[in-house]
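> Provided herewith is a single structure, encoded as structure tokens, for subsequent inquiry.
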Amino acid sequence: LVFKAADVFMGGVNLKLPTSWDGAIEKLFKYALAEVELSQNFTQARRHSAELPPALRMVADSLVKDAITAVDTIQAVTRFVSTAIKLEGEGHGGNAGETLEKKQGNIFDICSLTITLLELLQRMSNVVLIHDRTDGPFDRAFVTLDQLSYPAVRIMVPATAYLLFPWVKNLPVGVVPPPYQGQQAMVLGDGAIKDMWEVPYDSADANRVE
């Protein structure tokens, strides 16, 4: 795709618009990291569990006592986070320990806590930034972070990728809320953009990335 505009203006930052979609997304991601301060705990799962508060490990272990399958584990984590953590306040910068301790946070904190608990259970996942269709059509010619402002968590089981929305209470694994079905999304991981793709529709079978 070739963009029609010459510049992108993001929160007071002028970026020279590249000639490809991939180039635009790379600039958007770097802007998000620098300006919105998405923490390493949010954009990338913490790799050293010894650095995390012991309470996180205790909670993670308690959630899987009755889990048999990988989906059971994922559902247990998602259900706990969505019911135990209140969606309120300005947030904790993606600090999972603080979010758990205070039992509240914003949608980014809640996704960060989910990613951390899954990692402690040896289930690696990625954060995804999604466009909400109620905000209007996704405009590829005017790329702004506002168009990709709703986070979710992507996890592979084992060849199927599920999207989790832990800030939506009691949402089953495999269900995509209507505002995000068929919308553009950015998959983040390891400090980089992993993919740009279209969110699947509302079906456990269709809810897969690859």
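> Kindly report the accessible area of the stretch 67-210 per residue (heavy atoms of protein chains, probe 1.4 Å, no ligands, DNA or RNA), in Å².
Values: 6050 Å² over 144 residues.
I get 42 Å² per residue for the stretch 67-210.
> Sticking with this one: Please work out how much length the chain gains when fully extended from L87 to R133, using 0.36 nm per residue of separation minus the C-alpha to C-alpha distance, in nm with one decimal. Present the calculation step by step, with values, prior to reporting the outcome.
Values: separation 46, 0.36 × 46 = 16.56 nm, distance 2.13 nm.
Length difference between fully extended and current span is 14.4 nm.
> Here's something else I'd like to know. Length gain on complete extension for the stretch M196 to M156, per 0.36 nm per residue less the alpha carbon to alpha carbon distance? If you can, show how the numbers build up before the last one.
Details: separation 40, 0.36 × 40 = 14.40 nm, distance 1.65 nm.
So the chain would gain 12.8 nm between M196 and M156.
> I've got another one for you. Return the subset of K103/K194; K103/K169; K65/K169; K86/K194 for which the Cα-Cα distance in this structure is over 24 Å, preserving the input order. Working shown, then result.
Numbers: K103/K194 30 Å; K103/K169 14 Å; K65/K169 22 Å; K86/K194 30 Å.
Over 24 Å apart, Cα to Cα: K103/K194; K86/K194.
> Apply 1/(1 + (r/R0)^6) to the Cβ-Cβ distance of Q122 and V168, taking R0 = 30 Å, and write down the FRET efficiency to the nearest 0.05.
Working: r = 25 Å, r/R0 = 0.82.
After rounding, the FRET efficiency stands at 0.75.
> Mind listing the long-range amide H neighbours of Q183? Cut-off is under 5 Å, sequence gap 5 or more, other chains count too, H placed in the peptide plane at 1.01 Å from N.
HN-HN under 5 Å from Q183: V199.
> So what are the ³J(HN,Hα) numbers for the stretch 53-63, from phi and the Karplus equation (6.51, -1.76, 1.60; θ = phi - 60°), rounded to whole Hz, Gly and Pro as x?
x, x, 4, 5, 5, 4, 5, 4, 5, 5, 7
The values are calculated or read from the model by the stated rules, or taken from the named source; none is laboratory data. The shown structure was predicted, so the numbers you read here are calculated from the model rather than taken from an experiment. FYI the Cβ positions are ideal-geometry reconstructions off the backbone, even for glycines, and counts take in every protein chain you see. Note: accessible area is taken over every heavy atom of the protein model, side chains too, but ligands, DNA and RNA are not part of it. Shrake-Rupley method; radii C 1.70, N 1.55, O 1.52, S 1.80 Å.
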